[in-house]
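The block underneath contains the structure these notes are about, expressed in structure tokens.
The values are calculated or read from the model by the stated rules, or taken from the named source; none is laboratory data. This is a predicted model, so every value here is computed, not measured. Using ideal geometry, Cβ is built from the backbone for each residue, glycine included, and neighbour counts are taken over all protein chains shown. For the accessible areas, the whole protein counts, side chains as well, though only heavy atoms, and no ligand, DNA or RNA atoms are used. Shrake-Rupley method; radii C 1.70, N 1.55, O 1.52, S 1.80 Å.
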Amino acid sequence: MGSADSKLNFRKAVIQLTTKTQPVEATDDAFWDQFWADTATSVQDVFALVPAAEIRAVREESPSNLATLCYKAVEKLVQGAESGCHTEKERQIVLNCCRLLTRILPYIFEDPDWRGFFWSTVPGAGRGGGDEDDENARPLAESLLLAVTDLLFCPDFTVQSHRRSTVDTAEDIHSIDSCEYIWEAGVGFAHSPQPNYIHDLNRTELLKLLLTCFSEAMYLPPSSDSSNTNPWVQFFCSTENRHALPLFTSLLNVVCAYDPVGYGIPYNHLLFSDYREPLVEEAAQVLIVTLDYDSSTSSSPTVDGTTTGTAMDDVDPPGPDNLFVNYLSRIHREEDFQFILKGVARLLSNPLVQTYLPNSAKKIQFHQELLVLFWKLCDFNKKFLFFVLKSSDVLDILVPILYFLNDARADQSRVGLMHIGVFILLLLSGERNFGVRLNKPYSVRVPMDIPVFTGTHADLLIIVFHKIITSGHQRLQPLFDCLLTIVVNVSPYLKSLSMVAANKLLHLLEAFSTTWFLFSAVQNHHLVFFLLEVFNNIIQYQFDGNSNLVYAVIRKRNVFHQLANLPTDSQSIQKGLQRKKKTPEPISRTNSQDGVSMEGSRPAAPAEPGTLKTSLVATPGIDKLTEKSQVSEDGTMRSLEPEASQLSPEGNPPTALSDGEPWSGEASHSRRDRRRLSSASSSGQWTPTPDWVMSWKSKLPLQTIMRLLQVLVPQVEKICIDKGLTDESEILKFLQHGTLVGLLPVPHPILIRKYQANSGTAMWFRTYMWGVIYLRNVDPPIWYDTDVKLFEIQRV
């Protein structure tokens, strides 16, 4: 039968279904088979031939028919999994049912009355398929998930058959050990099967259906109670799924082994269609959804103490019930870590490779999913995190992240990407090794829209952060605390900043210490505290190599004097605020010596008007996101008890859609002080008072810098007068050989603010991840125009 006839017949069946007012019996195979037995329809056809309005109409007007359609489609998948799909016809039926369910499920999820449907049992559908007692019956959802996992390891359909001869009876799908059929070499599996694009296409369709099953999460509003686990994911990742381990390994290996460059031949991707890429994308999306797990509510799944033996050992203490999280947290072999890290770094760097030879290599689009995966790896497997930081390989992750941050800074549709990039760097910056690694010289010249500089990876990080703060869009202000916390965390280890980076840090201090900025919002002074902490750490712990920074501090000494003499009387506060009205630009960029941008770079562009984006929940303030640790003499860290943070009113759910509002980046005791120290004006607006300014001005850590200026400024001035110098190089030479030993106050202990898991970020990740998946699945548009509740779809 031709494909046109086939589509016509399928469409006829759909019309019959929507027009029948009477229930159709489940036993009426002649009717139900029209949907899958005689048709050859692609997933795109199914989406076109089954319009949303008709699915909703059947749901409202003849619910029993929709229920029977779902039940029959699942039954066909179960039969396919039972039989092993040996004939072409059986495979076609399985794929048709798979496409149909992918189309229908979102409309089941969007209606609260239907949501329990898949978790109810169907009379007569016993677990053994026979006519046993009904209490043995499985819920439809479980039958569906188990059939899909069986089908993902079905010889000659989704995996290579191991049988040599055709005479042998085909392998029995129930007796095969799916661990021998893992899709790709890598973690825990050494054999790389022959690529087979038909298998790749079939796997992709089945994974699309899995992802659609898991997407019930999109139809529930964000809640602060992260314990409400997704029942689909929970069952799928439980011991009920006998393929959990080989499937986890297959997904991870397929993603990490993928090389989009086309085996090193430029422009190769233009000649050959790549069947692997859609599979890799789908695998990455399924993987991050199965790993959606709030590690703050449970005992952490990470285990320390080395073990030897297989890739995942049984001797470790039992981890979380979610087997995917459990397996991820127990990977420990160096060669497995190397494989994962190399793979993720290769894929994250792919868009950067593009800029050298445009279109020479295939450009991947799933970097956001990869960043979520990398985050989960570091968050759930501390051994992996330490492995990443053990060598300079971490820089292969850092540079792409800085590239994405810099590229997306003006684009409102990419606020989520900015956040996850910054979260990853915050997590890494809590470890001493990260700061140490940043001292490696930066020689890779990825074209980026930043000033040209010669220096280290630390310089690159500071220059990109400066660019985000001074020329990003308004919505990024909540990230400023986080960006500066990262700089504070690495500052004690930075051996030598370039002049460009040193000037950028002082420009930020200058911008953040203007009176209008300090007086215009209750938490703005925190940014000044962070920057002073950076200068203090470098002066106390890395003075010797940092003559550029010391010179910049001396040149801008008036900024420090102005801070020390900040006026606190009402009249000056009012005057400071008046100035704000004249300068609406959040931070002036004029006096930041921005040199020429790198060759070949394109300026960061805002989103095209009309670009779709999904809303995000608010992220917790920096005080909730991090926990202070003190670094001892021997380099070990001990956690400092948060002194007053117990007083914060806990438990208010994060409100959705507030990605534009600033974080309550407040150490929480200040809520009390705020009421006392600042008067609320009649409009309910906060206004600064002299008491409030005094309360934090008295704590500004200026002693070290004032002492440095007191000692060095007269000496530098003397050199200039004696030698008639205006030349920086002589002064820098003097500063390089100068010393302040014994002249500075006793060094303060190094404070690191380490990321700590919390339910607020777990919820943020859930909304961000599903938002990405929603927007990336456009062909077919699985969730488009359905009533999702986890986020709002907005146009820029």
When both residues are 6+ apart or on different chains and their Cβ atoms are under 6 Å apart, which pairs have a first residue that lies in the range 407-426 and is within 21 Å of Met598 (Cβ to Cβ), and a second that is among the basic types (Lys, Arg)?
Ala408/Arg414
Out of everything in the range 17-32 that is under 19 Å from Ile93 (Cβ atoms) and not small (Gly, Ala, Ser), what residue ends up being most open to solvent (accessible area, probe 1.4 Å)?
Thr27
Within the range 780-796, can one find any residue that is within 22 Å of the chain's Cα centre (by Cα), open to solvent by less than 60 Å² (accessible area, probe 1.4 Å) and among the charged types (D, E, K, R)?
no
Taking the range 478-526 on its own, how many of its residues are within 20 Å of Phe453 (Cα to Cα), β-branched (Val, Ile, Thr) and out of contact with any Gly (no Cβ under 8 Å at 6 or more places or on another chain)?
1
Of all residues in the range 736-755, which are modelled with pLDDT of 90 or more and either buried (at least 19 other Cβ atoms within 10 Å of the Cβ) or hydrophobic (A, V, I, L, M, F, W, C) (or both)?
Ile750, Leu751, Ile752, Arg753, Tyr755
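Yes/no matrix, rows are residues, columns are (1) open to solvent by 10 Å² or more (accessible area, probe 1.4 Å); (2) touching a strand residue (DSSP E or B) at 6+ places or on another chain (Cβ under 7 Å); (3) of a type in the set (Lys, Arg):
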| site | (1), (2), (3) |
| --- | --- |
| Ile450 | no, yes, no |
| His466 | no, no, no |
| Ala511 | yes, no, no |
| Leu518 | no, no, no |
When you scan the range 78-111, how many residues do you find that are at pLDDT 95 or above and either on the phi > 0 side of the Ramachandran plot or assigned to a loop (DSSP other than H, G, I, E, B) (or both)?
2
Which residues, taken from the range 199-239, are of a type in the set (Gly, Ala, Ser), over 28 Å from Thr41 (Cα atoms) and in a helix (DSSP H, G or I)?
Ala217
Which residues, taken from the range 756-779, are open to solvent by 10 Å² or more (accessible area, probe 1.4 Å) and more than 30 Å from Val490 (Cβ to Cβ)?
Tyr774, Leu775, Arg776, Asn777, Val778, Asp779
Counted residues, the range 33-66 - those being open to solvent by 30 Å² or more (accessible area, probe 1.4 Å), among the hydrophobic types (A, V, I, L, M, F, W, C) and outside any helix (DSSP H, G or I):
1
Complete set of residues in the range 520-539 that are more than 20 Å from Pro714 (Cβ to Cβ), among the β-branched types (Val, Ile, Thr) and open to solvent by less than 10 Å² (accessible area, probe 1.4 Å)
Val528, Val534, Ile538
Inter-residue pairs, beta-carbon under 6 Å, first more than 12 Å from Val716 (Cβ to Cβ) and modelled with pLDDT of 95 or more and in the range 540-560, second of a type in the set (Gly, Ala, Ser) and assigned to a helix (DSSP H, G or I), 6+ apart:
Asn548/Ala502; Leu549/Ala502; Ala552/Ala502
Of the residues Gln412, Gln368, only one is open to solvent by 10 Å² or more (accessible area, probe 1.4 Å), under 22 Å from Val464 (Cβ atoms), touching a helix residue (DSSP H, G or I) at 6+ places or on another chain (Cβ under 7 Å) and modelled with pLDDT of 95 or more; which?
Gln368
